[in-house]
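Only one structure is covered here, and it is reproduced in the block below.
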Amino acid sequence: MIGKGRNIIYTPYKLIDESNIIQVIQSALGTFRENAEDCRYLYNFKDGQQPINRDNCEKKVMPWINCETVDNVAKEVYDFWIGFAWGNPISLVQRGDADTDEKIAEGIKLLNNQYALSGNAIDYLELARDIEVTGVGYTYIDINKEWTEDESYFTRDVLSPKSTFIVRSSYYTDKRVMLAVSLRQNEDRTTYYTAFTKDTRFDIYKKEEKINDEIVEIWKQEPFSPQKNYLGRIPICEWIRDVDRTGVFEAQIDALNDLNLRKSDISNGTEQNIQAVWWANNVEFPIEEVQNEDGSVTMQPKK
């Protein structure tokens, strides 16, 4: 819900495995779709799609004049925070004495170098866009299976909040992450879900089939699923901007909409007054009777 942040998805299961993976994903989709729809709205709002709401009242005075001015302060706020908070890529620093922990210092240096080789600067800005606009962001980290010289040992990709979600535990008190899911949809409306637990990868698809003149959803695992997750941990990481999980301008959307409405009304008033003064549009002059030479009477504006 806009203004309330992206909802956290929970599962009551102590363990997610082949017996309940499809049920967990199905239960999570309702909350995920609500979050994804909020994300679409926030992306569009940042890009200037901010309709003027006049409470469904039609403009009755000079209806051909209907200015809709979008100030788009949201884009200004977004640009500021991208520059202020995300001006430089993440780099790791050491806590402690470098002289006594040479191995740690060398490890941090190596890891920073691997980040740079993985194209961290470009991905960093893409991740920043997601986090600042929607309040959440996701990255997928994996071993670089096609490693060559002068390449990073790992790959890092940014996943969209509109197609990725995390499922946390309501069973454990630490609300630990139990499952991470990324999805995609083909032209035939078949949806594919790639899901990770700490030790397993699941590949699941959902498609629609016509059975007895009814459209039915069919959920199945791919023949090669499940597979072992050799990383030993969930490779999709969730980033949040703040504990409320909202975008940087989200709390002020009502005020921004009101600003757009007021500026639009001022623009309407200015244009209407100019047309009234210069061309006398929509102005009623006093009427007088004029006696014609033939004895008839004509009504005309009084000068």
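Couple of notes before you dig in:
- Subtracting the Cα-Cα distance of Arg40 and Val297 from their residue separation scaled by 0.36 nm leaves 85.9 nm.
- Summary value for the stretch 138-214: 17 percent relative contact order, contacts being C-alpha pairs under 8 angstrom separated by 6+ residues.
- Hz values of 3J(HN,Hα) by residue in the stretch 278-295 - Karplus curve (6.51, -1.76, 1.60), Gly and Pro given as x: 7, 10, 6, 5, 6, 10, 9, 8, x, 9, 9, 8, 10, 7, 8, 4, 7, x
- Modelled FRET efficiency - R0 30 Å, Arg54 with Phe84, Cβ distances, 0.05 increments: 0.30
- Two-decimal ratio, the stretch 104-211, of alpha-carbon radius of gyration to 2.2 N^0.38 Å: 1.33
- Under a 5 Å amide H cut-off, with hydrogens placed 1.01 Å from N, Phe154 pairs with Asn144 among residues at least 5 apart or on other chains.
- What the stretch 189-244 shows is 65 Å² of accessible area per residue, with the surface traced by a 1.4 Å probe over protein heavy atoms.
- In this structure the amide hydrogen of Leu159, modeled in the peptide plane, comes within under 5 Å of the amide hydrogens of Tyr138, Thr139, Tyr140, none closer than 5 places in sequence on its chain.
- The chain, dipole about Cα centre (Lys/Arg Cβ +1, Asp/Glu Cβ -1), debye to the nearest 20: 920 debye
- Enclosed volume per residue, in Å³, of the convex hull spanned by Cα atoms of the stretch 220-303: 289 Å³
- Positive-pole candidate from Ala36, Ser91, Asn53, dipole of the stretch 11-168, charges at beta carbon: Asn53
- With protein chains left intact and a 1.4 Å probe, residues in the stretch 12-81 average 62 Å² of accessible area per residue.
- From phi via Karplus (6.51, -1.76, 1.60), per-residue ³J(HN,Hα) for the stretch 23-28 in Hz, x at Gly/Pro: 5, 5, 5, 4, 5, 7
- For the chain, dividing the convex hull volume of the Cα atoms by the residue count gives 268 Å³ per residue.
- Using θ = phi - 60° and Karplus 6.51 cos²θ - 1.76 cosθ + 1.60, couplings along the stretch 40-46 (whole Hz; Gly, Pro as x): 4, 4, 5, 4, 5, 4, 4
- Taking a quarter of the surface of the Cα convex hull of the stretch 148-240 gives a mean projected area of 9.6 nm².
- Cα pair count fraction exceeding 26 Å, expressed as % - the stretch 148-303: 64 percent
- Sequence ranges 112-119, 268-275, 217-224, 156-163, ranked by mean other-Cβ count within 10 angstrom, highest first: 156-163, 112-119, 268-275, 217-224
- Proximal charge balance of Ile8 [Cβ under 13 Å; K/R count +1, D/E count -1]: +3
- Computed over Cα pairs, the Kirkwood radius of the stretch 188-266 leads via Stokes-Einstein (1.567 mPa s, 4 °C) to a diffusion coefficient of 75 µm² per second.
- Checked against a 32 Å cut-off, the cross-linked pairs Lys162/Lys198; Lys46/Lys228; Lys4/Lys60; Lys103/Lys145; Lys175/Lys228 give Cα-Cα distances beyond that limit for Lys46/Lys228; Lys4/Lys60.
- With all protein chains in place and a 1.4 Å probe, the accessible surface of the chain carries 50 percent carbon and sulfur.
- Contour excess over end-to-end distance, with Cα ends at Lys109 and Ile287 and 0.36 nm allotted per residue: 55.2 nm
- Distant-in-sequence amide contacts of Phe249, defined by a placed amide H-H separation under 5 Å and a gap of 5 or more residues or a different chain, comprise nothing.
- The stretch 1-153 - convex hull of alpha carbons, volume per residue in Å³: 235 Å³
The values are calculated or read from the model by the stated rules, or taken from the named source; none is laboratory data. Since we're looking at a predicted model, the values are computed, not measured. Cβ sites come from the backbone with ideal geometry, for glycine too, and all protein chains shown count toward neighbours. Quick note on the areas: whole protein, heavy atoms, side chains included, nothing else; ligands and nucleic acids left out. Shrake-Rupley method; radii C 1.70, N 1.55, O 1.52, S 1.80 Å.
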